[in-house]
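Just below is one structure, and these are the notes that go with it.
The values are calculated or read from the model by the stated rules, or taken from the named source; none is laboratory data. Fair warning: this is a prediction, and the values are worked out from it, not measured in the lab. Positions of Cβ are generated from backbone atoms using ideal geometry, with glycine treated the same way; all protein chains shown enter the neighbour counts.
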Amino acid sequence: MAWLAECWRHFGIRLLIAAVVACGACSPAPSLAETLRPGAPLCHAVSPRSSLDAALGSLRFECEGKPIGYQSKSLWLRADLARLPVDRDDLVVMVHQTRFDRLAVAFSYADGTTEWQRVESGAFGSNWRMGGQIAFEAPVRDTPLVAITIRVDRLASEPLLRIRLVSRGEAGMQSGLLSALIGAALTLLLIGAVYNLSLAIAVRRQFLAWHGAWAACVLTWGVIWSQIDLPLLPGIAGTVSAQICTLLACLAITMATASAVTSLDRTVLSRGAAKATLAIGIVVGLLGVPAALTRSAAIEWLGNVLAIIVLADLAAVVACLVRAWRRGSAEARELAIAWSVPMAALAFTQVVDIGAALWGGGSQVLVLFAAAWQTLWLSIAVTRRLARLRIERDRALAGELRASELAGRDPLTGLHNRRGFIDRVAALLAVARPEPAPVALLLIDVDRFKSINDTYGHEAGDLVLCTIAHRLQRWEGAACAVGRHGGEEFALLICGIGGFALARFADGVRLAIAACDHHDAIGERAVTVSIGVAEADAKADFQQLYRLADEALYAAKRAGRNRIAFRQWTAESPRSRLVTRN
């Protein structure tokens, strides 16, 4: 599991590098595309909302300063194409979606003809494009195109309006490229959201739930901003989409803050620092509500306040990660690497307006890919961490199992000790009880073992016991358990045989032990055993069997050793009889 995660980590890094190289290779060369903003060369005017043609003839455009008071009225923007380095015979006006009621574009030609194209919030028709854009293609006419006039009704904020002039070929290429890039980023976010939420449920870790929720929030934001959802939900185009995106963006910052803080152990991060950072993140989420609903001039200063608080939140999260990292937190190191890219991207977009760069996607594409990178890296890091924990857990379980096994084994002979033998017998009897099969316990005692120790020493006696144990071990199996009960006494429990077959089996055990070679330990001296056998049906328990076998063993000893004594017990007739064999 660990090596797989390591492979994925290297693969993910190489995939990201390949994507960057591919993006650089596929990016269009510098072209005649032009971004229009109020001021030269884009002039502006403000008027009450009225019919398009009636208002256009009475407007007085100003080419200096910024428009004011347009939030409840109509904002007009006019560009004289003779002053712009664009191909007037091949022109597309690309407008980024924002909060407005109606958007109309007038194409004015040298012969005095004006042709209008318009969309409204909730009705973009076929004009929508990937990357949150709306496209207006200039009709091809015999006379040259001289000017473009754009009217926006109830625009929430002019600085949020992005207008570009591109050729048809460039517009198509950029839309296709954005579709591929946004699709890849959204796919990574979807996988990250499902993966982290699944892990959160499986391992019950709070920070994984927050991170999964963050990935799901950014995924939803990306779907709505990029307008992939418009074929299914055309009614949210425009203002509703912009408002939802603002709310989701603020909510995502809150969830990201919670994910970063809750992933750090309290031993490396104080409770006060965690609460303060979470509080800033919560403020960002709460400010998202008025920021999403506002359509007045207050949206601009509210956006500035929100940008300052977002930067403060980023600084607080960085401070927490640095503090935890310096205290030796491995989680902080992984989080710092994962969050560095999206935090840098978010901070950059708060202080620098990149406009319609990145093939018209602007700062949203930068944030979207930074979020995809963060989700990919953190998912791999979490997988590696969980893989290490699983390996450590497996090792601990294996060690525990080994310790438990050793606790049930005799260190000299390797057979089950008394405790291990009883556990093994309990398992065998549990299997045998459903069937009316006989059960037999053999207690095996080495004859005159004390004299072996006294004559040859305890080391020789240990070698004799090990040799006998090795011979007994051959009968260990699914229906038979073998153990050393202590000293020179061994035990063997066997299920499924009784009567004459059991007598033959017990005698075979006695003869097999007598045939053992102890030459290296005690020379030519023979070693024999006495065996007490208790035979019963499956209803007997171990204590009953042991008591009867012990009685039989003493009977075999009294009868002269190197013998077998039997005791039988049945539930219908609880009686016993003694038989000796030699």
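What the table shows:
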| item | result |
| --- | --- |
| Residue check, residue 397 within 32 Å of the chain's Cα centre (by Cα), at pLDDT 75 or above, in a helix (DSSP H, G or I) and not assigned by TED's automatic domain parsing to the domain that holds residue 340 | yes |
| Condition met for residue 467 (touching a helix residue (DSSP H, G or I) at 6+ places or on another chain (Cβ under 9 Å) and part of a helix (DSSP H, G or I)) | yes |
| Contacts under 6 angstrom Cβ, first residue in region 79-96 being at pLDDT 85 or above, partner among the acidic types (Asp, Glu), 6 or more apart | 92/137 |
| Any chance residue 129 is touching a residue at least 60 places away in the same chain (Cβ under 8 Å), in contact with a strand residue (DSSP E or B) (Cβ under 7 Å, 6 or more places away or on another chain) and under 25 Å from residue 178 (Cα atoms) | yes |
| Near pairs, Cβ below 6 angstrom, 6+ apart or cross-chain, from region 261-273 (more than 22 Å from residue 214 (Cα to Cα)) to any residue that is in a loop (DSSP other than H, G, I, E, B) and not aliphatic (A, V, I, L, M) | 268/327; 268/329 |
| Residue 262 vs. criteria surrounded by 16 or more Cβ atoms within 10 Å (Cβ to Cβ) and farther than 22 Å from residue 363 by Cβ | yes |
| Matching residues, region 204-240, being under 18 Å from residue 134 (Cβ atoms), surrounded by fewer than 23 Cβ atoms within 10 Å (Cβ to Cβ) and in contact (Cβ under 8 Å) with a residue 40 or more places away in the chain | 228, 230, 234, 235, 236, 239, 240 |
| Tally of residues being in a loop (DSSP other than H, G, I, E, B) and under 21 Å from residue 500 (Cβ atoms) across region 524-561 | 4 |
| Members of region 192-203 found to be free of Cβ contacts under 8 Å to residues at least 24 places away in the same chain and either out of contact with any Leu (no Cβ under 8 Å at 6 or more places or on another chain) or surrounded by 23 or more Cβ atoms within 10 Å (Cβ to Cβ) (or both), listed by number | 194, 198, 201, 202 |
| Those residues of region 421-442 which are in a loop (DSSP other than H, G, I, E, B) and either at pLDDT 75 or above or of a type in the set (Val, Ile, Thr) (or both), in sequence order | 437, 438 |
| In region 295-314, residue farthest from residue 207 (Cα to Cα) [restricted to those that are buried (at least 20 other Cβ atoms within 10 Å of the Cβ) and more than 28 Å from the chain's Cα centre (by Cα)] | 299 |
| Out of 129, 154, 205, 162, sole residue that is among the basic types (Lys, Arg) and out of contact with any helix residue (DSSP H, G or I) (no Cβ under 8 Å at 6 or more places or on another chain) | 154 |
| Checklist (1) without any contact (Cβ under 8 Å) to a residue 40 or more places away in the chain; (2) surrounded by 20 or more Cβ atoms within 10 Å (Cβ to Cβ) applied to residue 182, failing item | (1) |
| Members of region 141-171 that are buried (at least 17 other Cβ atoms within 10 Å of the Cβ) and not hydrophobic (A, V, I, L, M, F, W, C) | 149, 151, 153, 154, 157, 158, 162, 164, 167, 170 |
| Candidate set: region 96-121, residues that are crowded, with 16+ Cβ neighbours inside 10 Å and out of contact with any strand residue (DSSP E or B) (no Cβ under 8 Å at 6 or more places or on another chain); chosen: the one farthest from residue 163 (Cα to Cα) | 99 |
| Top-ranked residue in region 527-536 [being among the aliphatic types (A, V, I, L, M) and modelled with pLDDT of 90 or more; ranked as surrounded by the fewest Cβ atoms within 10 Å (Cβ to Cβ)] | 527 |
| Test for residue 555: is it at pLDDT 90 or above and surrounded by 15 or more Cβ atoms within 10 Å (Cβ to Cβ) | yes |
| Set 547, 563, 471: member being in contact with a strand residue (DSSP E or B) (Cβ under 9 Å, 6 or more places away or on another chain), of a type outside the set (Gly, Ala, Ser) and surrounded by fewer than 20 Cβ atoms within 10 Å (Cβ to Cβ) | 547 |
| Unique residue being hydroxyl-bearing (Ser, Thr, Tyr), under 17 Å from residue 367 (Cα atoms) and more than 21 Å from the chain's Cα centre (by Cα) when the list is 157, 179, 175, 167 | 179 |
